[in-house]
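**Student:** This is the structure, below, for whatever I ask next.
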Amino acid sequence: MDRQVQDPREVVAGLLDDSRFLGACAARDMGAVFRILNHRGISTRRIAAAVDITQGRLYDYMNGKSRVEKLVIFEQIADAFHIPGHLLGLARRSWEPAVDAQPQPQPQPQPQPEGDDLTAMDAFRSADRQAGGEGGCTGP
């Protein structure tokens, strides 16, 4: 397998059901994410260039000497490799397809009270006001 031919986005697409990759994303452990990408054939040079960091910084992340902490770096990683935003605790990225909204159930029209029902409701409201409203009756 030629390490230079691999498209990082295709590699990530193939990892979206990999429990180690998903766990690393959930933990925001970018060093582990980078190690997985490197193990799958993406060169460290290509990873660093895609995220716009130095290879030295990349090695620090991969070797656990430092961790990604800045939001902008997480966003760069998500965008460079097309890691869905929710996997890294980010908002949906601009390149992600819009999620079809689940159809919301339409409220069923409520029948309007008729004649006797309306009279009963008015009587109840009147009695409620006389008794003191929300607190109910207070007595000795």
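**Student:** How many residues are loosely packed, with under 15 Cβ neighbours inside 10 Å, outside any helix (DSSP H, G or I) and either among the acidic types (Asp, Glu) or over 11 Å from the mean Cα position of the chain (by Cα) (or both) if we restrict to region 63-95?
**Tutor:** The total comes to 9.
**Student:** Hey, another quick one. Going through region 110-134 one residue at a time, which ones are loosely packed, with under 11 Cβ neighbours inside 10 Å and modelled with pLDDT under 65?
**Tutor:** Gln110, Pro111, Gln112, Glu114, Gly115, Gly133, Glu134
**Student:** Within region 22-36, how many residues turn out to be in contact with a Lys or Arg (Cβ under 9 Å, 6 or more places away or on another chain) and assigned to a helix (DSSP H, G or I)?
**Tutor:** So the first thing to find is which residues in region 22-36 are in contact with a Lys or Arg (Cβ under 9 Å, 6 or more places away or on another chain), and the list is 24, 28-32, 36.
After this cut, where a residue has to be assigned to a helix (DSSP H, G or I) as well, the list is 24, 30-32, 36.
Residues that pass the stated criteria total 5.
**Student:** Follow-up. Residue check, Arg9 against (1) outside any helix (DSSP H, G or I); (2) at pLDDT below 95, all met but one. Which one?
**Tutor:** The single condition Arg9 does not satisfy is (1).
**Student:** Between a first residue in region 87-99 that is closer than 13 Å to Glu75 by Cβ and a second residue that is of a type in the set (Phe, Trp, Tyr), which pairs have beta carbons less than 9 Å apart while being 6 or more apart in sequence or on different chains?
**Tutor:** What qualifies is Leu87/Phe21; Leu88/Phe74; Gly89/Phe74; Leu90/Phe74.
**Student:** Looking at region 32-55, can you tell me whether even one residue there is free of Cβ contacts under 8 Å to residues at least 12 places away in the same chain and surrounded by 16 or more Cβ atoms within 10 Å (Cβ to Cβ)?
**Tutor:** Scanning region 32-55, I find at least one residue that is free of Cβ contacts under 8 Å to residues at least 12 places away in the same chain and surrounded by 16 or more Cβ atoms within 10 Å (Cβ to Cβ), so the answer is yes.
**Student:** Which of the numbered conditions does Cys137 fail, given that it passes all the others? Conditions: (1) part of a helix (DSSP H, G or I); (2) modelled with pLDDT under 75.
**Tutor:** Tallying (1) part of a helix (DSSP H, G or I); (2) modelled with pLDDT under 75, Cys137 fails exactly one: (1).
The values are calculated or read from the model by the stated rules, or taken from the named source; none is laboratory data. Small disclaimer: the values here were computed from a predicted structure and weren't measured. Please note: Cβ atoms are built from the backbone with ideal geometry, for glycine as well, and neighbour counts cover all protein chains shown.
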